Amino acid sequence: MINLDNQQRQVVITDSDRALVLAGAGSGKTRVLTERIAHLIENKQVSPYEIMAFTFTRKSAGEIINRLADRIGNMAYNVTMGTMHGVALNMIQKFAEMIGFRHNQITVYSQWEEDFLLKEIAIDLGYHTGKSWKKIKKSDVTELFDGFYNRGIYPQPDAKAFDLFKCFMAAVRSNNSLTYGTILTEFKRLVPIIKPMLNIKYALVDEVQDIDPLQWSIINMLTEDKSLFAVGDLDQCQPAGTMIETTTGFKSIETLDQNKDELYSYCKHDAMVYGGHNKGYKFQKSMRVFSGLLYTVESGGNSTKCTGNHKWYVKWSKDIKNTGSNIVYLMKRGDRYRIGWCQLFKKEKINSFHLSVRSRLEKADASWIIKIFDNKKDASIWESILSCEYGIPTITFEDKKNTEYYDKDSIDTVFDSIGDLTEKAERLLLDHGLDIKYPFHSVQRMNEKRSGTCIFEIEACNMFSGFFQVPMRKDGGRFIKWDKAIVSSERVRNVDVYSLNVEKNHTYIADGLCTKNCIYEFRGADPGYLLRNAKDFDIYKIEKNYRSGAAIVAGANRLISHNKDRFDKTMETTGNICGIVKVMHEMDSELLCENIRCSLTKNIAVLSRNHVFLEKISSILSEKEINHTYVGKKTSFVNSESFRRFHAFLKLMINPYDNFSFLIIRDSIGLSRDDYNMVRHTASLRGCSHFQAWDESKTIGVPPHSFVDIFDEISSRFNISGENLYQIESFMLDWYLSSASSDTESDIKNYLKFIATYNINEEAASENPEGIQLMTIHASKGLEFPTVVIAGCNEGILPSKRAESDPDELESERRLAYVGWTRAKELLVLAVRPEQKEAASGMMMSNPVSRFIAESY
């Protein structure tokens with residue numbers, strides 16, 4: 001293995017099937033990911049075809065593949081690698097027919113195209129006048145679509161603008177097309193079908209903090225019973241005010257000092273609090289702001305609170321075997337779900353937990369207890385009620401030998417006729433205060449005994465009030481006693497919660513009750529995502545910074561330490577570079593450009609929170625004839641109307657069924673609205689697309705020899721001209737030349753696939769760029785520069801005005817600043833714009849120095 005430190009080496013060679021890597025900025029993540037894949041192939045004899053890796057950008061995926069090819073040769077190109085959208089689109093194109101698309105003819109709409117089509121449908125349905133929305137707010141429409149794109153759950157029929165959503169999605173599908181958002185929703189539908197064919201055994205996920213709920217659901221599908229190697233962060237789940245017992249007495253959880261305090265810890269096997277009165281255990285602590293259901297656990301006169309994912313050691317209550325209790329449950333196998341009921345304990349024997357027995361017999365992946373009843377009649381009735389209400393069947397997964405009707409074919413018929421049940425299952429669980437990520441029984445927990453007097457673990461959301469005992473300190477002594485737990489919940493907003501990680505027993509005393517270490521959560525795009533079982537994951541840290549000088553690292557550490565939503569980790573600098581952090585005041589765009597011209601000539605990046613300042617700086621640098629690259633200018637053009645209208649012609653070459661692309665080119669080909677309506681009518685009669693109906697005899701064909709000639713053909717045939725024509729041609733030729741040099745087939749299909757997932761990161765240089773680079777902080781992620789200038793370090797700019805009243809937004813802004821700080825290797829310049837400025841209206845505008853500067857010192 002090449003140039004790995006001890007932390008990196010430990011991560012690369014781990015045999016863990018579930019590994020979470022906490023990687024600091026500049027810690028060599030790309031090297032670790034590359035070496036991890038090489039290790040699997042060379043030392044573990046894993047086939048490259050069995051590995052799938054998701055990266056944050058297409059550029060980082062290419063970088064890993066190139067490094068991997070240098071390490072192991074051409075085998076590297078057999079690894080499935082790319083952004084999740086890129087991988088998903090490739091798979092959908094390859095297996096299109098399996099989810100109802102036409103093979104190899106799928107096109108993808110950009111945001112501009114999506115907005116255009118949505119407006120047209122909204123006009124037809126009476127939701128839009130052509131100039132503005134009516135009957136419904138635009139924010140309601142956005143919320144509906146964002147919910148689907150971020151979670152992959154189809155909205156309910158009673159949702160606002162549901163008919164608009166349904167018509168839009170039907171139009172997109174009938175056009176054999178996708179939006180950027182439906183690339184992943186369709187991939188989610190495809191994964192269960194193709195998973196056996198893919199045979200992926202090892203999945204790697206970079207920048208896991210940016211994964212949203214929909215992406216997590218896809219990852220979970222792909223990695224079920226497989227190996228997951230994720231780079232991310234951790235979370236926590238007990239509120240401020242919780243009293244924690246230390247060797248020097250009780251202290252509120254938020255005041256604990258992990259450098260000074262030591263905690264008592266409970267070992268479940270010996271029923272004792274270890275550490276005694278002379279010695280306790282070290283711990284780690286982290287914080288965040290939580291909104292959601294907060295659970296109260298009361299037992300033996302003690303009471304404490306925690307989030308639903310918080311795990312507890314429990315035993316069944318002593319009198320539970322005499323209750324004759326029965327349960328209604330939800331069971332999962334693959335992508336199938338069913339509802340059923342059974343006795344809590346088989347034949348009322350507490351040593352035989354019936355749900356576990358049933359789950360094994362039906363080879364279920366996971367099961368959830370929904371309700372508990374005192375008698376069989378009520379359980380049976382509620383099984384039927386819930387089945388009807390949520391549309392989830394009660395038929396078993398396995399055929400019954402004692403009846404001729406429940407054979408495999410009939411069971412398959414039932415589930416195939418219902419289709420995807422995941423959305424319904426998630427809604428059922430959510431309505432009953434449960435979470436699909438935390439089943440009561442699962443394959444991972446198959447070997448855990450959940451019967452008799454044995455001790456086992458469950459999350460707070462699975463603790464039915466009165467049915468379990470929890471451990472607590474006995475009269476302040478070293479021994480533990482057990483007592484019945486009463487559990488209730490309340491919905492809270494913006495409550496500080498904390499996580500404690502205690503070695504080695506992984507428990508601590510909270511408000512007199514012995515509580516387990518918090519289950520960990522990935523922080524980021526899905527703040528509610530929690531790992532199902534913390535003990536199944538090994539946590540690693542990579543904290544050495546190989547990029548930045550000591551002063552820059554120290555400043556970044558101090559800055560991010562002000563965030564509550566983080567797991568405590570500190571970057572350690574390496575090498576002999578001291579680094580410089582410099583604050584420059586009164587730096588408006590003119591003065592900043594002058595400083596750049598005089599003293600900072602090359603290998604410099606000017607970063608800003610948004611494009612407003614970058615556009616101004618770029619204009620001034622151009623006037624001064626200073627060579628620079630503005631990363632984002634090309635992306636803005638790619639998303640422009642003129643660019644997308646031109647590319648509608650290209651899409652029709654690939655997908656003549658795309659009625660929307662034909663709508664876009666209608667004006668360019670001189671088709672009046674009346675003529676267009678006639679075309680639509682003809683297409684309906686003939687059962688063909690609008691484009692085919694318009695010109696069946698002259699359907700556009702791809703020139704047989706030259707990709708370059710396609711541009712001329714479209715331009716001349718449809719008389720396309722204008723000031724943007726040269727830019728479009730230049731963009732296409734750049735792709736053509738780069739694809740030719742990388743052995744990518746230079747055809748229209750691959751070009752449109754490239755455009756479909758194009759983003760600003762495609763423009764950003766990867767390593768050691770020459771000249772001045774202008775880009776947003778977000779676009780700079782993963783890059784490094786000898787000198788970095790952060791423009792606009794003012795309140796209201798970085799952080800934004802929104803952050804002033806939103807704690808979550810402030811933490812997000814601080815994380816963004818942290819990214820910017822840590823791009824610098826030798827010199828970090830924090831440029832503050834004038835704090836007082838007169839607006840065009842004559843009003844004085846105030847933007848004080850950003851708080852982030854003070855937090856960095």
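Going by how many other beta carbons lie within 10 Å of each one, how would you line up Ser618, Ser303, Ser442, fewest first?
Ser303, Ser442, Ser618
Would you mind pulling out the separation of the Cα centroids of region 58-128 and region 327-345, in Å?
Here the two parts' Cα centres lie 36 Å apart.
Pop a pseudo-label 7 angstrom from the Cα along the beta-carbon direction at both Leu591 and Thr413 and give the gap in nm to one decimal.
8.1 nm
For Val581, what residues show an amide H to amide H distance below 5 Å, using hydrogens built from the backbone and excluding near sequence neighbours?
Leu828
How many percent of Cα pairs in region 32-164 exceed 22 Å?
On the way: 5077 of 8778 pairs.
That fraction is 58 percent.
For the pairs Lys624/Lys837; Lys226/Lys651; Lys160/Lys363, flag any whose C-alpha to C-alpha distance is greater than 31 Å.
Numbers: Lys624/Lys837 24 Å; Lys226/Lys651 38 Å; Lys160/Lys363 40 Å.
Correct reply: Lys226/Lys651; Lys160/Lys363.
Note down the nm distance, to one decimal, between modelled labels 7 Å out along Cα→Cβ at Asp70 and at Arg478.
5.8 nm
Counting other C-beta atoms within 10 Å, which of Ser622, Ser805, Ser359 has the fewest, and how do the rest follow?
Ser805, Ser622, Ser359
Arrange the following residues from fewest to most other Cβ atoms within 10 Å of their Cβ: Cys578, Cys593.
Ordered from fewest to most neighbouring Cβ atoms within 10 Å, Cys578, Cys593 come out as Cys578, Cys593.
List the residues whose amide H sits under 5 Å from the amide H of Thr776, counting only those 5 or more places along or on another chain, with H placed 1.01 Å from N in the peptide plane.
Ser608
Using the structure shown, select from Lys311/Lys474; Lys311/Lys484; Lys94/Lys753; Lys134/Lys166 the pairs with a Cα to Cα distance greater than 23 angstrom.
From Lys311/Lys474; Lys311/Lys484; Lys94/Lys753; Lys134/Lys166, over 23 Å: none.
In terms of modelled amide H atoms, which long-range or inter-chain residues lie less than 5 Å from the amide H of His128?
Here Ile123, Lys134 satisfy the definition.
Each reported figure results from applying straightforward, stated rules to the coordinates on display, with no laboratory input. These figures come from a predicted structure and were not determined experimentally. All Cβ positions, even for glycine, are placed from backbone atoms using ideal geometry, and neighbour counts span all protein chains on display.
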